[in-house]
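Each value in this text was obtained by applying a stated rule to the coordinates, not by laboratory testing. Only a predicted model underlies this, so the values are computations on that prediction, with no experimental measurement involved.
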Amino acid sequence: TEALVGVAELVLHPTDGTMPSNLDAPPLEDGSRQHSRAGNRPPLRPYLCNVAVDRRFRRRGLGVRLVRACEALAQFQWRYSAIYLHVDKSNRGALELYQQRGYQPVASAVVDTGESGTSQLERLLGGFGLAPEMLYMRHQLQREGDLQ
């Protein structure tokens with residue numbers, strides 16, 4: 001039998017350092033990438049999230065392959081030159097993977113602080129101090145001539 005051993009999600013999300021929610025609108029049918037919410041939001045860009053590999057299959061390069069596949073989709077199908085993500089600072093394996101792939105911290109935003117001054121995760125977890133410290137990162141995708 002076949003089993004699902006890994007997953008990754010790639011979405012378009014504003015580059016404002018906020019974490020995605022299920023309220024974000026997908027691209028319009030005409031292909032435009034304008035965000036549907038009111039206000040001056042940054043443009044939508046590829047955002048990598050929910051990368052997970054079954055514990056029994058970790059340390060075999062599957063996470064790297066999932067991330068590379070998302071990067072390739074963002075670059076060659078969607079025609080973007082950068083990709084963004086959030087990572088839990090205490091998740092050493094994930095942080096190491098992203099750093100080895102060339103992801104750099106974005107100094108302007110570390111956590112979604114929302115209008116109330118509390119992060120989205122803190123609100124969801126009821127303020128019990130369980131929300132991880134998230135790092136917002138960006139990766140400049142390679143130009144075609146630089147591909148290995």
* Asked: What is the gain in length, in nm to one decimal, between Asn40 and Asp16 on full extension, counting 0.36 nm per residue of separation less the C-alpha to C-alpha distance?
  -> 7.6 nm
* Asked: For region 7-20, in order, what is each residue's ³J(HN,Hα) by Karplus, 6.51 cos²θ - 1.76 cosθ + 1.60 with θ = phi - 60°, in whole Hz (x at glycine and Pro)?
  -> 8, 8, 10, 10, 10, 9, 8, x, 8, 9, x, 6, 8, x
* For His13, which sequence-distant residues (separation of 5 or more, or a different chain) have an amide H within less than 5 Å of its own amide H, given hydrogens modelled in the peptide plane? -> Arg45, Tyr47
* Over region 45-97: Rg over Rh, Cα atoms, Kirkwood Rh -> 0.99
* Structure fact -> HN-Hα couplings for region 70-81 via Karplus (6.51, -1.76, 1.60; θ = phi - 60°), in whole Hz with x for Gly/Pro, come out as 5, 4, 5, 4, 4, 7, 8, 8, 8, 6, 9, 10
